[in-house]
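Presented below is the structure to which this report refers.
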Amino acid sequence: MKKSVLAYPLLASMALVSVPAWGQGPDINDDIENIAADGLSPEIIVTGLPASLGDKAYNATEISMDSSQTVENSLRDVPGLQQFRRSDARSANPTSQGVTLRGLGGNASSRALLILDGVPQADPFGGWVAWPGYDALALANARITRGGGSVADGQGAISGTIELFSDNVGDLIELGAAYGSRNSVDADLLFGRELGQGQLTISANYARGDGFIPIIEGQRGTVDRPAEYEQAGLAVRFVAPLSDNVELQSNVRAFTDDRERGFAFSENHNDGADASIRLVDRNSDWQWSALAYVQIRNFDVSFGGVADDRNSVSRVFEQFNVPSTGLGARIEVRPPVGDNVELRIGGDWRRTEGTTNENFFFADNDTPRRSRRAGGSTSIYGGFVEASLQASDALVLTGGGRVDFWSIDDGFRKEIELINPFPGSVRTDEIFTRRNDTEFTGRGGFAFDVSDELTLRGAAYLGWRLPTLNELFRPFRVGADATAANELLEPERVKGAELGLDWESGLVTLGITAFYNQLDNAVANVTLANGPGVFPGVGFVSASGTYSQRQNLDAIKSKGIEIDAAFDLGELVDGLSVRAAYAYVDAEVDGSGDAAAVDGFRPAQVPRHNASGSIRWEKDNGTGASLSARYVGQQYEDDVNFLSLADAFTLDGRMALAVNDRLLVETRVENLLDARVEAAISSNGIIERAFPRTFWVGLRAKIE
């Protein structure tokens, strides 16, 4: 079990702080205080090269991972960080779980760049995130950098970067098991062994539950039933020195994820496997890292059409096979250029390819009338340079840029009749022209220490994101609503600026940031017409449905403020800490042409207000208690701001008792007040909720 979650504004050139397992070593806050007393910021490195000197100029928050929560729910404690839907990976459709920041939403593809030990994590085909695949990992920390234009990490960081870092667990065997409401089971294993000078870590997880009925009470019909889920993962990591300076890091992981959406013909299945190898030299004058990786995904999903009275359902669509692959490599060098200067030079390559195989227009629940294959590939080659200067004892300046060459290749879409009157006839057979171009990314900033306690920082940036294969080539349906693909989508481009203050005095840290972002060519699902009718790219839409197409909006403009605060009250009560954070986002669509109807509206699924807070008490042996609160403001389901999702306030709690050095008993509750967290609303007013109140009781044992 990791130490409790604490959010810190990124102070000085703070690197990640490794958090020990329960009962191991001194408290993390003692480490920070001892280092600070020596006049240094923490430099405890987990993976990769040290944090850059220039990071001080950007708005970043660091959290230690909490084993009592899933990875995605731990990240929800960072206000302004959201997925397209409020529901989590136990009940959401996997294709709705893209992650973004600062209100730059609009569809389910990720607009924040998620990285695990340097490897991009978005699904190669769709850009969403398979969150259950991370619960099996031994993770130490996450660093969330708000704001786009990440020069070293590559394209995709439109709204920010989320970095996950693996832990170094030493010699340890740790087992955990918990039983919860609705016959839910969570189990995990962590095995660490030092082999010579190397470290082997094996981690695994398993989760299942009978689930809850997503449709709210009072709107349910005979078709509605609990949404079952079953998920598992396995990860192996080996780290070993190859010389006095060079370290080898190898990672392999695999996961499987089965969910149902709460009625017949709504099942989905997601499998994945990743492998990466990295060489890191962080000890010589010429620091460098080299990384290569592969992602393999396969996905299938079925959709059912539910009658208005919710007493009957029929299969209307299925993606029965969606294989995709991501390949990539990256290199970075930091040459010695002076005591007060840091220079980063590097390049990267990423290729994605994938195909969707679909059946639709079912004559009955087992006999599709048509099939579709669609897909393609993308390639991106880029190079970057970033320099940071300690201009004086109080002032840090940083700036950099990168150039990327991109191409969209092999795009196609083919539809075939499967049954009479013309079985086997080709209805559509499109081959899309190859497209390519060059994009520029840049950012610069400063950090000025006004005093020992107060730092003023500012930054400006440009960034971009290439549309996913899913956005370019695959039409889709949700209930009666249909959305056409658009192979002519242009890359999204962001420009933004921010100004912030970081204050640290004794046991209190506070970060405040004001920002403005403009996302040009924002990809969104634009509503074009209401059914009934036959529409290009999707065919027939019934009277209860709408017809949309993915289009580039003129822009999404987003401005707001972010506040992070942490209080270490250990001098009052040993192990006591308080955290609070808030984000206000005022986002607006700038649309013309087909999108003129949404001009001035708020982007879909973007709340104005988002807040979280927690109070935690924890002893070194693991005994402790915590109470966490989250608030998410009202948001709209659709681009025309007609369907509204109510705001929601939730409380989570946990209590743990260390029986001895090897055994811990814990109880926890999710959504203590059983608040109705509205996750979706259909065009006919049917409301889907996120997870209800759930109680857990469990044991955790370790052997060292």
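The values are calculated or read from the model by the stated rules, or taken from the named source; none is laboratory data. The structure presented is a predicted model; accordingly, all values stated were derived computationally and were not measured. As a convention, Cβ positions derive from the backbone with ideal geometry for all residues, glycine included, and neighbour counts pool all protein chains shown.
Within region 316-345, the set of residues being buried (at least 20 other Cβ atoms within 10 Å of the Cβ), touching a Leu at 6+ places or on another chain (Cβ under 6 Å) and more than 25 Å from V294 (Cα to Cα) comprises just one member, E342. Just one of the listed residues (L242, L291) is exposed (fewer than 15 other Cβ atoms within 10 Å of the Cβ) and in contact (Cβ under 8 Å) with a residue 24 or more places away in the chain, namely L242. Give the residue that is farthest from G545 (Cα to Cα), with candidates limited to residues of region 632-673 that are assigned to a loop (DSSP other than H, G, I, E, B) and modelled with pLDDT of 95 or more. Among them, the one singled out is V659. Only one of S18, S41, S110 is at pLDDT 90 or above, within 30 Å of G346 (Cα to Cα) and in a loop (DSSP other than H, G, I, E, B); which? Testing whether each residue is at pLDDT 90 or above, within 30 Å of G346 (Cα to Cα) and in a loop (DSSP other than H, G, I, E, B) leaves just S110. Given the structure, is D257 assigned to a strand (DSSP E or B) and crowded, with 20+ Cβ neighbours inside 10 Å? In short, yes.
Against the conditions (1) within 24 Å of R111 (Cα to Cα); (2) modelled with pLDDT of 95 or more; (3) in a loop (DSSP other than H, G, I, E, B); (4) not polar (S, T, N, Q), R676 satisfies every one except (1).
Scanning region 493-522 for residues that are farther than 13 Å from I158 by Cα and among the β-branched types (V, I, T) returns V508, T509, I512, T513. Filtered by the rule that a residue be farther than 30 Å from W406 by Cβ and surrounded by fewer than 22 Cβ atoms within 10 Å (Cβ to Cβ), region 490-516 gives L499, L501, W503, E504, S505, G506, L507, V508, L510, I512, A514.
Pairs meeting the criteria (first residue in region 211-223 and over 12 Å from E260 (Cβ atoms), second residue in a loop (DSSP other than H, G, I, E, B) and among the aliphatic types (A, V, I, L, M), beta carbons under 6 Å, at least 6 apart or on different chains) are Q219/I686. Set side by side, the residues N671, N610 differ, and just one is more than 25 Å from L189 (Cα to Cα), touching a Ser or Thr at 6+ places or on another chain (Cβ under 7 Å) and among the polar types (S, T, N, Q), which is N671.
Filtering region 78-110 down to residues that are among the hydrophobic types (A, V, I, L, M, F, W, C) and touching a Leu at 6+ places or on another chain (Cβ under 7 Å), which residue is surrounded by the most Cβ atoms within 10 Å (Cβ to Cβ)? Selected residue: L101.
What are the pairs with Cβ atoms under 9 angstrom where one residue, in region 308-329, is touching a residue at least 40 places away in the same chain (Cβ under 8 Å) and more than 19 Å from A122 (Cα to Cα) and the other, located anywhere, is surrounded by 14 or more Cβ atoms within 10 Å (Cβ to Cβ) and among the basic types (K, R)? Sequence gap at least six, or different chains. Short answer, once both residue conditions are applied: R310/R220; V316/R477; F317/R477. Scanning region 72-107 for residues that are of a type in the set (G, A, S) and either assigned to a loop (DSSP other than H, G, I, E, B) or without any contact (Cβ under 8 Å) to a residue 60 or more places away in the chain (or both) yields G80, S87, A89, S91, A92, S96, G98, G103, G105, G106. Looking across region 642-691 at every residue that is among the aromatic types (F, W, Y) and closer than 23 Å to A611 by Cα, the one that is surrounded by the most Cβ atoms within 10 Å (Cβ to Cβ) is identified as F691.
Taking Q69, is it more than 23 Å from A604 (Cα to Cα), modelled with pLDDT under 90 and either touching a Pro at 6+ places or on another chain (Cβ under 9 Å) or assigned to a loop (DSSP other than H, G, I, E, B) (or both)? In short, yes. Restricting T47, T61 to those that are at pLDDT below 80 and either closer than 17 Å to R111 by Cα or buried (at least 23 other Cβ atoms within 10 Å of the Cβ) (or both) reduces the list to T47.
Scanning region 143-199 for residues that are buried (at least 16 other Cβ atoms within 10 Å of the Cβ) and without any contact (Cβ under 8 Å) to a residue 24 or more places away in the chain, we see that the one that is farthest from F384 (Cα to Cα) is A187.
None of A629, A565 is assigned to a strand (DSSP E or B), within 22 Å of the chain's Cα centre (by Cα) and either surrounded by fewer than 16 Cβ atoms within 10 Å (Cβ to Cβ) or of a type in the set (G, A, S) (or both) except A629.
Does region 568-593 hold any residues that are touching a residue at least 24 places away in the same chain (Cβ under 8 Å) and not in a strand (DSSP E or B), and which are they? If the condition is that a residue be touching a residue at least 24 places away in the same chain (Cβ under 8 Å) and not in a strand (DSSP E or B), then L569, G570, E571, V573, D574, G575, G591, S592 are the ones that fit.
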